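Here's the structure, in structure tokens; my notes come after.
The values are calculated or read from the model by the stated rules, or taken from the named source; none is laboratory data. Note that the structure is a prediction, hence the values are computed from the model and not measured. Cβ placement follows ideal geometry from the backbone for every residue including glycine, while neighbour counts extend to all protein chains displayed. To get the accessible areas, we keep the full protein, side chains included, count just its heavy atoms, and leave off ligands, DNA and RNA. Shrake-Rupley method; radii C 1.70, N 1.55, O 1.52, S 1.80 Å.
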Amino acid sequence: MADGIKTVGIDLKYDRNKIKWIILSVSIIISVTSIFYTNLLVSQLKDREQSQIELYAKALQYTLDAKLDKDLNFVSDEILIKNNSIPTILLSESGEIIHHRNIDIDSALNEKQRKQLLYEELEKMRGEYEPIEVIVREALTNEINLVNYVYYRNSFLLTQLTYYPIAQLSIIAVIAFIAYMAFDYSKAAEQNSVWVGLAKETAHQLGTPISSLMAWVEYFKDQANIKDKELIGELDKDIKKLQVITERFSNIGSTPVLSEEEIEPLIGSIIEYLRPRISPKVEITIAALTKGIKAQINPPLFEWVVENLCKNAVDAMSASGNIHIFILKGSEGRVFVDISDTGKGIPKSKLKHVFDAGFTTKKRGWGLGLTLAKRIIEVYHGGKITVKSSEEDIGTTFRISLQS
Ligand SMILES: Nc1ncnc2c1ncn2[C@@H]1O[C@H](COP(=O)(O)OP(=O)(O)OP(=O)(O)O)[C@@H](O)[C@H]1O
Ligand SMILES: [Mg+2]
């Protein structure tokens with residue numbers, strides 16, 4: 001992470017990244033070892049086939065030499081027959097095919113088609129290896145009597161083995177991809193259950209002290225000496241806020257119910273709540289393109305998002321500035337809520353991290369505000385939250401996109 005950015009709390013990404021690296025490294029090690037080993041096999045098999053074909057050419061030479069004795073002829077015949085895998089063509093000096101071996105020819109083909117197929121094969125062989133000369137000399141004068149050429153190419157086995165690493169790599173890549181996706185999915189599911197479980201438990205635990213506080217306030221209201229005090233009113237407000245917080249946690253811990261709500265008055269009430277809690281030098285305005293824009297939302301959760309975005313906006317301003325909230329209707333029934341500030345902006349390099357859990361540039365920040373906002377908007381509302389624009393020392397606009 002870049003300088004000046006601290007990551008607080010448990011680094012959720014650390015383990016995930018570690019396992020991703022392990023999957024990647026293991027895949028690379030398997031691939032490299034397999035390619036290396038197969039290449040070794042290929043080159044050994046090639047050498048073997050090469051010497052086999054040289055032996056084959058020699059055997060041919062003996063066979064063609066009529067003066068050799070019968071025993072030798074038998075040996076060379078054996079060698080010739082032993083070549084039952086390498087495709088070969090024996091070509092005369094004048095370019096005529098004298099003999100061929102291990103070339104699949106469909107028995108249904110006529111003589112002309114057979115010939116054509118053999119010459120096509122010959123062309124392929126020419127492209128692969130130089131032919132081996134088979135020279136038969138006069139026994140006495142040692143003059144060259146006859147020159148033939150053995151053309152050949154890799155056996156089917158060797159060809160297959162050459163392509164084998166590609167097939168193997170593709171399979172490894174597919175398996176690694178599936179493993180990676182499965183891992184990502186299970187991680188997301190795990191995080192999901194942590195969020196939900198923690199939220200439920202918090203809502204549950206807050207219930208008891210809040211009921212008790214409410215009872216205490218009722219008790220104080222009956223006490224003649226303190227009942228008119230301002231204190232009671234303030235306590236009442238704080239209890240209400242605690243109830244809102246409990247409701248938020250309880251909503252995030254269950255499947256929240258969405259209802260069609262008018263956005264402008266809802267945001268108005270949030271601002272009303274925030275107003276006395278933030279610096280008077282920060283001006284908050286709200287405007288809507290048209291009156292009565294509605295969207296499908298869960299009010300307690302949506303309020304939480306707007307509150308988080310406004311708090312971030314205030315934090316981004318050193319002393320004074322403006323926060324402007326603009327509500328508009330887009331195409332296909334979309335509703336946009338743009339929250340703009342005149343704060344310090346987000347540097348480009350940090351833009352892609354702002355929604356990451358634990359990412360904060362603040363001394364007392366948890367780096368959870370935007371993660372929570374994103375989760376509420378995307379998971380619970382099926383909407384989107386993005387940084388619409390941000391410029392350093394000018395300001396930032398966050399956009400929430402909802403369905404009406
Ligand atoms: N309006 C904004 N202007 C400039 N930077 C912002 C703005 N909103 C968010 N950021 C940057 O994104 C970071 C993450 O924001 P987020 O709300 O997730 O966490 P936080 O505010 O640091 O901590 P907390 O968990 O208390 O909200 C902030 O620390 C800040 O650097
Ligand atoms: Mg925040």
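How would you order 149-156, 341-348 from highest to lowest mean count of nearby Cβ atoms within 10 Å?
The densest-packed peptide leads the list: 149-156, 341-348.
I'd like the distance separating the alpha-carbon centroids of the range 198-214 and the range 112-162, in whole Å.
89
Heavy atoms only, 1.4 Å probe, whole protein assembly: order PHE177, PHE302 by accessible area, highest first.
PHE177, PHE302
Using θ = phi - 60° and the Karplus form 6.51 cos²θ - 1.76 cosθ + 1.60, what ³J(HN,Hα) does each residue of the range 387-404 get, whole Hz, x for Gly and Pro?
With the stated coefficients, the range 387-404 comes to 8, 6, 7, 7, 9, 4, 6, 10, x, 9, 10, 9, 10, 9, 10, 10, 9, 8 Hz.
Tally the DSSP beta bridges in the chain and give the antiparallel ones as a percent, rounded to 5.
85
Name the shape class, rounded, prolate or oblate, that the alpha-carbon gyration tensor gives for the range 228-291, where a ≥ b ≥ c are the square roots of its eigenvalues, rounded holds for a/c under 1.5, and otherwise prolate holds if a/b is larger than b/c and oblate otherwise.
oblate
Given 0.36 nm per residue, what is the gain on full extension from ILE35 to ASP184 after removing their alpha carbon distance, in nm?
Here the answer is 50.8 nm.
Assuming a viscosity of 0.890 mPa s and a temperature of 25 °C, what translational diffusion coefficient in µm² per second does Stokes-Einstein assign to the chain, Rh being the Kirkwood radius over Cα pairs?
Taking Rh from Cα pairs, D becomes 84 µm²/s.
Towards the positive end of the charge dipole of the chain, with charges on Cβ (+1 Lys, Arg; -1 Asp, Glu), say which of ASN308, GLN191, LEU351 has the farthest Cα.
It is ASN308.
Go through 383-393, 95-105, 243-253 and give me the packing order, highest mean Cβ count within 10 Å leading.
Ranking, from highest mean packing down: 243-253, 383-393, 95-105.
How much length is gained on full extension from LYS200 to LYS229, taking 0.36 nm per residue of separation minus their Cα-Cα distance?
Between LYS200 and LYS229, full extension yields an extra 6.9 nm.
Among 139-148, 123-132, 53-62, how do they line up from the highest to the lowest mean number of other beta-carbon atoms within 10 Å?
The most tightly packed comes first, giving 53-62, 123-132, 139-148.
What is the magnitude of the charge dipole of the chain about its Cα centre, with +1 placed on the Cβ of each Lys and Arg, -1 on the Cβ of each Asp and Glu, and no other charges, expressed in debye to the nearest 20?
Its charge dipole is roughly 1760 debye.
Between rounded, prolate and oblate, where does the range 178-297 land on the alpha carbon gyration tensor, with a ≥ b ≥ c its root eigenvalues, rounded for a/c under 1.5, else prolate if a/b exceeds b/c?
Oblate, because a/c is 1.5 or more while a/b does not exceed b/c.
For the chain, what is the accessible area per residue in Å², given a 1.4 Å probe and the full set of protein chains?
Heavy-atom SASA per residue in the chain reads 62 Å².
For the range 291-389, report the convex hull volume of the alpha-carbon atoms normalised per residue, in Å³, without decimals.
It comes to 117 Å³ per residue, whole-number rounded.
Find how many whole Å separate the alpha carbon centroid of the range 22-64 from the alpha carbon centroid of the range 361-397.
58
For the chain, set up a Gaussian network in which alpha carbons nearer than 10 Å are linked by springs, and say which option among LYS311, LYS112, LYS187 fluctuates the most.
Evaluated over the chain, the most mobile residue of the options is LYS112.
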